[in-house]
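Peer 1: Structure below; questions to follow.
Values in this text are rule-based calculations from the coordinates and carry no lab data. None of these values were measured; they are calculated from a predicted model. Quick reminder, even Gly has a Cβ in these numbers, built from the backbone with ideal geometry, and neighbours come from all protein chains shown.
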Amino acid sequence: MNYSEGEGEADSSFKTAIFSDLMPEAVRQQNIELFRKFHPIELSQTISKDVKLAAMKEWWDEDFRLFVEAGYAEGDFAKMCLDSKLLFRKGML
């Protein structure tokens, strides 16, 4: 099953983590602010590739810093996946 087979919208791995009940609310809000800042850059057709790549790296680094700050336990990501609509890309499994 994947998104293109008409099963509805799937969750990305980041969306799965950010909107999990296991995500502390303060960290979730910081992730949402990062999305609001960087997603328009990601979609922009006028920003140069170099500027866009630097922004995407900053976004990635900040998101992962926040995931570490959230203090997840070893089994938390498995629980997040089971509780979500996360679908792996074709060929991942």
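Peer 1: Just need log10 I(q)/I(0) for the range 9-82 at q = 0.14, 0.16 Å⁻¹, Debye formula, equal scatterers on the alpha-carbon atoms, no solvent, rounded to two decimals.
Peer 2: Those come out to -0.49, -0.62, one per q.
Peer 1: Another question about this same structure. Which pairs in the list Lys15/Lys37; Lys15/Lys79; Lys37/Lys90; Lys15/Lys49; Lys49/Lys85; Lys15/Lys90 are over 21 Å apart, alpha-carbon to alpha-carbon?
Peer 2: Correct reply: Lys37/Lys90; Lys15/Lys49; Lys49/Lys85.
Peer 1: Let me ask something additional. Starting with the fewest neighbours, write out Arg28, Arg65, Arg36 ranked by other beta-carbon atoms found within 10 Å of each beta-carbon.
Peer 2: Ascending number of Cβ neighbours within 10 Å: Arg36, Arg65, Arg28.
Peer 1: Here is a follow-up. Amide H of Leu86: which non-local residues (sequence gap of 5 or more, or other chain) have their own amide H closer than 5 Å, using H built in the peptide plane?
Peer 2: Residues meeting the amide H criterion: Asp11.
Peer 1: Let me ask another. With the dipole of the chain worked out from charges on the C-beta (+1 for Lys and Arg, -1 for Asp and Glu) around the Cα centre, which of Ile41, Leu87, Phe14 lies farthest toward the positive end?
Peer 2: Farthest towards the positive pole: Ile41.
Peer 1: Give the order of Ser12, Ser20 when sorted by the count of other beta carbons within 10 angstrom, beginning with the fewest.
Peer 2: So the residues, fewest neighbours to most, are Ser12, Ser20.
Peer 1: Only Lys, Arg, Asp and Glu count, each charged at its Cβ (+1, +1, -1, -1), so figure out the dipole size of the range 9-82 about its Cα centre, rounded to 20 debye. Provide the component values of the computation, followed by the final result.
Peer 2: Numbers: 9 positive and 14 negative charges, 53 e Å.
With only Lys, Arg, Asp and Glu charged at Cβ, the dipole is about 260 debye.
Peer 1: Hey, another quick one. Take the alpha-carbon centre of the range 38-70, take the same for the range 12-30, and report the distance between them in whole Å.
Peer 2: Between the Cα centres of the range 38-70 and the range 12-30 lies a distance of 17 Å.
Peer 1: What is the extension gain from Gln45 to Lys85, computed as 0.36 nm multiplied by their sequence separation minus the C-alpha to C-alpha distance, in nm to one decimal?
Peer 2: Stretched fully, the Gln45-Lys85 segment lengthens by 11.5 nm.
Peer 1: Hey, what do the phi angles of the range 30-44 turn into as Karplus ³J(HN,Hα) couplings, whole Hz, using 6.51/-1.76/1.60 and θ = phi - 60°, x for Gly and Pro?
Peer 2: Here the 3J(HN,Hα) series is 5, 4, 5, 5, 4, 4, 4, 6, 9, 4, x, 5, 4, 8, 4 Hz.
Peer 1: Can you compute 3J(HN,Hα) from phi for each residue in the range 20-25, using the Karplus curve 6.51 cos²θ - 1.76 cosθ + 1.60 with θ = phi - 60°, rounded to whole Hz and x for Gly and Pro?
Peer 2: Whole-Hz 3J(HN,Hα) from phi for the range 20-25: 6, 5, 7, 7, x, 4.
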